[in-house]
Every structure is written in structure tokens, then in C-alpha cells.
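Data block below; observations after.
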Amino acid sequence: VIGIGDDEKMIAASLIKLFIAGEFFTLGEQGELDVDDYYNKPDLMISISDNGAANSLISACTMEKINEFAKEKGYEETELNRRMLDWNGTENYTSARDCGKMLEEVLKGEYVSEEASERILEALRDQQRTSKIPAGVPKEVETANKTGELDNVDNDAAIVGSPECTYILCIMSSNTGGRIAEIRKLSSMVYKSINASED
């Protein structure tokens, strides 16, 4: 693992949805809610970043339980403080390290359960917002990612299936110009460094 400020608590934007999904599927596994009653809401929350779906799952899980999930699972900087688009003077937070840990667990089939991990991974692979980390690698390379953006924030957390190896890259940024271009540039640099022997 190589991390630069990866344990810094930063504004999550829609990256928080990765952790909402974690508690949602946990409650489903425990029999406290019926996952099927929510149809494709967890998938849409990730693949198209549907805020209404996210808020529906927050209501089903409760904010308190989502935060307990994050704390118990060791996502130390992750904190849900408001519903999507509910500007109540607070923000939702996470860190690049927490997101990387989460994606690693998804890849290993250890995020909640193998079944939950696979469903989340499929939603990440179906991601419609691919202008950041995925845009920095060749088109034929498979990626699975979740973005987050606000007026002053651009984030992306991705699994990249490169020829040399599958790797995870998480980039969070705020209050700087040209954020998306910089994320693409960093993504390209990482890809080329890992796959230097492919050139």
C-alpha cells in the first residue's frame, strides 16, 4: 500500500454510498430487512449515484446504524452526517484509506458477505460516471469505480484490472482547480508505472 495523506478525513460526497451499502446488506444478512423489497436501489445508488435511492436506504438502515457499521468495521474516518442533498450545515466524511480498504474487501468477497461483495462489485463495474480514474487508463481495461463530487470536491475510488495486476486507486480532492484533469493524470501515471513492462 502506498498512501499520501490517505488517512485524512475529507468530504466524501457520494463515496459515502459505499458504506451505506455495507450496512444495508448487513441488515439484510441479519434478517432485519428484506433486500428484495428495495429492488435495484442499492445498484442504482452506486452505478448512477442515485441520491433518492441512497436516501431510501439511509431511512431503511438509519444514520446511526450506518455510522456504527463504519466504526465496527474499522473505517475510522467515515462518518454519515446528512442525507443526500440535505444541506443541514454538516458534511459526510471518509478517507482514501477507508475507501481502499472497502474495495479490497469487495474484491476478496469479504465486504459483508461474498454475495453482497459480488453485487456491489457488479454495480461498480456498471458505473456510468467514468470521467476520472477510468479515463486515465486504456479503454479496453476493465474498471469498477465510484465517484463523488460537489461544487468544491472531486473524488474517485476504483478497482483497475490492468494487465500486470489488479490494483485499487483512491483519489480525493477539494478546493483546487482542474481536479478532474489531475485525477486522470494521476490515474494514467499509476497505470503506466504498474504496467511499464507492457510498453
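The values are calculated or read from the model by the stated rules, or taken from the named source; none is laboratory data. Everything numeric in this text was worked out from a predicted model, so none of it was measured. Heads up, the Cβs are rebuilt from the backbone with ideal geometry, glycines too, and the neighbour counts pull from every protein chain shown. Quick note on the areas: whole protein, heavy atoms, side chains included, nothing else; ligands and nucleic acids left out. Shrake-Rupley method; radii C 1.70, N 1.55, O 1.52, S 1.80 Å.
Details
- Residue within the stretch 84-105 that is small (G, A, S), within 15 Å of M172 (Cβ to Cβ) and not in a helix (DSSP H, G or I) present: yes
- Selection count where residues are open to solvent by less than 20 Å² (accessible area, probe 1.4 Å) and in a helix (DSSP H, G or I), scope the stretch 22-59: 13
- Residue in the stretch 134-155 that is of a type in the set (A, V, I, L, M, F, W, C), at pLDDT 95 or above and assigned to a helix (DSSP H, G or I) present: yes
- Residues that are open to solvent by 20 Å² or more (accessible area, probe 1.4 Å) and under 21 Å from N55 (Cα atoms) were ranked within the stretch 91-109; the one that is farthest from the chain's Cα centre (by Cα) is E91.
- Cβ-Cβ under 9 Å pairs, at least 6 apart or on other chains, the stretch 159-170 side farther than 17 Å from T130 by Cα and β-branched (V, I, T), far side in a strand (DSSP E or B) and open to solvent by less than 30 Å² (accessible area, probe 1.4 Å): T166/I159; T166/V160
- Tally, over the stretch 134-172, of residues that are closer than 17 Å to I2 by Cα, under 14 Å from the mean Cα position of the chain (by Cα) and either surrounded by fewer than 22 Cβ atoms within 10 Å (Cβ to Cβ) or hydrophobic (A, V, I, L, M, F, W, C) (or both): 9
- Residues that are open to solvent by less than 30 Å² (accessible area, probe 1.4 Å) and not in a helix (DSSP H, G or I), drawn from the stretch 1-21: D6, A12
- In the stretch 72-90, the residues that are open to solvent by 50 Å² or more (accessible area, probe 1.4 Å) reach residues that are among the aromatic types (F, W, Y) with C-beta atoms within less than 8 angstrom, at least six apart or across chains, in these pairs: E79/Y93.
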